[in-house]
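A.B. asks: Sending over a structure as structure tokens; questions will come in a sec.
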Amino acid sequence: MSSDGNNLIFVSIAAYRDPQLVPTIEDCIAKARHPERLRFGICWQHSPGEDNLPYHQDECFRILAIDWRDSKGACWARSEVMKLWRGEEWFLQVDSHCRFAPDWDVKLIEETKQTGSHKPILSTYASPFTPGGEEILAEGPLQMAFQGFTDDGIPHMKPADIPNWRSLKRPRRARFLSAGFLFTQGRFVDEVGYDPELYFLGEEAAMTVRAFTNGYDLFHPYETIVWHDYGRPTAAKHWGDHTEVNSVSRQWHELDSHSKNKVRRLITGQPVDSYGLGSERSLEEYEAYAGISLKLRKVQEYTVRCEEPPNPEVAPDWTGEIFTWMVRITLDKAKLPTGALEDPSFWYVGVRDEGGTEIYRQDIPQLQLAELPTAEPTVVLICSAAAFQKL
């Protein structure tokens, strides 16, 4: 199926037991200049009989109602939503806890055309907001910056400000795409699609290289168009529900392990059974564009500084100038702030250069903190990374 210039926007939302789903839909409709052009595809993973949606009789909505126990994760749900696409000219994928700028639909189409690309994608980490009575929407668009490699060799990203964004007149080229806010042509559904075997970590790296090798050009919007609720401390999470205690068919860690193995093979150029790389560009072309070696787990300083791609041309053996370093950090528990060990969301370890630019970051999640020895008077953290090339 192909889009035919019908000006319709297919809005893809995968929602997992999220009370913000209806407010997100309502804000999406209210802020659009042409709400009559919107078509919603929703995978509603919920508790049957407890939280039904009010849109089942509306022909602009296509809803898959799934018992949360049968869910296989966010990527699976996004793949299911793509099956509901009916040839709409434009495709927007957002999370179920978002807010929108006025005229967001017109702005996205205009920015897409400003790129001058035959196959553009507008995507980024959406700016944060906190839901409630007086919702505060953060000012300024964000870009996606390289953060580091996981122990599995999967690159992960962090949000970063866009310098001088007020002076920008067109979208900024990007290295990565975000799963929580992605806008492109509707044919993306047929040409790239969404791999239902992916779980969470590595989803964006896999989608980035698949989109790029299928000929898509990546851009960040130059203005804030979508906001995202990043807090959600009490929200139900797939990995919190899909454990042995709930008698689900597959536990989250099984799905996650299979997903990471597939992502690793994909981003290092190994064959995969489905949803592989495209044929319009090579993986090596992406690595040169982004300044990153996915196989050797190394990046160029230009990339770490989050300068706009494509990266400057470098010597073919640039990875040989990069070496791995390791830092051992010993902390006295008695000197830690109150609550630092009791119930933290995560710990953050960061290194900045002389100009204040963050060149290394490692987040230590709550599950990992819980494994620290409780009887010892000190906490020892081991942080390692590849040193970054000087251009």
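A.B. asks: Can you bin the range 235-354 into rounded, prolate or oblate? Criterion: square roots of the alpha carbon gyration tensor eigenvalues sorted a ≥ b ≥ c, rounded for a/c under 1.5, prolate for a/b above b/c, oblate for the rest.
C.D. replies: oblate
A.B. asks: Please compute one quarter of the surface area of the Cα convex hull for the range 41-192 and express it in square nanometres.
C.D. replies: Here the figure is 11.9 nm², rounded to one decimal.
A.B. asks: Could you calculate the FRET efficiency of LYS169 with ALA65 from 1/(1 + (r/R0)^6), where r is the beta carbon distance between them and R0 is 35 Å, rounded to 0.05?
C.D. replies: So, using R0 = 35 Å, E works out to roughly 0.20.
A.B. asks: Considering the Cα trace of the range 137-193, what is its radius of gyration and what is Dmax, both in angstroms?
C.D. replies: Considering the range 137-193 through its Cα atoms, Rg and Dmax are 14.2, 39 Å.
A.B. asks: Whole Å is fine, so just give me how far the alpha carbon centre of the range 117-160 lies from that of the range 180-206.
C.D. replies: Going from one Cα centre to the other spans 15 Å.
A.B. asks: Can you pull the one-decimal nm distance between simple spin-label points at LEU296 and GLU135, each 7 Å off the Cα toward Cβ?
C.D. replies: With each label placed 7 Å out from Cα toward Cβ, I get 4.6 nm.
A.B. asks: Check each of the GluC sites (Glu not before Pro) in the range 81-145 and keep only those in coil by DSSP with at most 11 other C-beta atoms within 10 angstrom; list them in order.
C.D. replies: Passing both the DSSP loop test and the Cβ count: GLU134, GLU139.
A.B. asks: Could you check how much of the accessible area of the chain is carbon and sulfur, as a whole percent, using a 1.4 Å probe?
C.D. replies: So the carbon and sulfur contribution to the accessible surface is 49 percent.
A.B. asks: Could you do me a favour and compute the accessible area per residue for the chain, 1.4 Å probe, result in Å²?
C.D. replies: Working: 18840 Å² over 391 residues.
Dividing the accessible area of the chain by its residue count gives 48 Å².
A.B. asks: For the range 233-297, which GluC sites (Glu not before Pro) pass both filters: DSSP loop (anything but H, G, I, E, B) and at most 16 other C-beta atoms within 10 Å?
C.D. replies: Values: sites: GLU244, GLU254, GLU280, GLU284, GLU285, GLU287; in loops: GLU280.
Passing sites in the range 233-297 are GLU280.
A.B. asks: In the set (i) 153; (ii) 141; (iii) 165, which value of volume of the Cα convex hull per residue in Å³ was calculated from the structure you see?
C.D. replies: Evaluating volume of the Cα convex hull per residue in Å³ on these atoms matches (iii).
A.B. asks: Using the crude model of +1 on Lys and Arg Cβ and -1 on Asp and Glu Cβ, and no other charge, please compute the dipole size for the chain relative to its Cα centre, in debye to 20.
C.D. replies: That gives the chain a dipole magnitude of about 600 debye.
A.B. asks: Also, I was wondering about something else. Restricting the count to DSSP beta bridges whose residues both fall in the chain, what percent are antiparallel, rounded to a multiple of 5?
C.D. replies: 60 percent
A.B. asks: Let me cross-check LYS169: its accessible surface, 1.4 Å probe, with only protein heavy atoms counted, in Å² to the nearest 10?
C.D. replies: 150 Å²
The values are calculated or read from the model by the stated rules, or taken from the named source; none is laboratory data. The shown structure was predicted, so the numbers you read here are calculated from the model rather than taken from an experiment. Methodologically, a virtual Cβ is constructed for each residue, glycine included, from the backbone with ideal geometry; neighbour enumeration extends over all protein chains shown. Note: areas computed on protein heavy atoms with side chains; ligands, DNA, RNA excluded. Shrake-Rupley method; radii C 1.70, N 1.55, O 1.52, S 1.80 Å.
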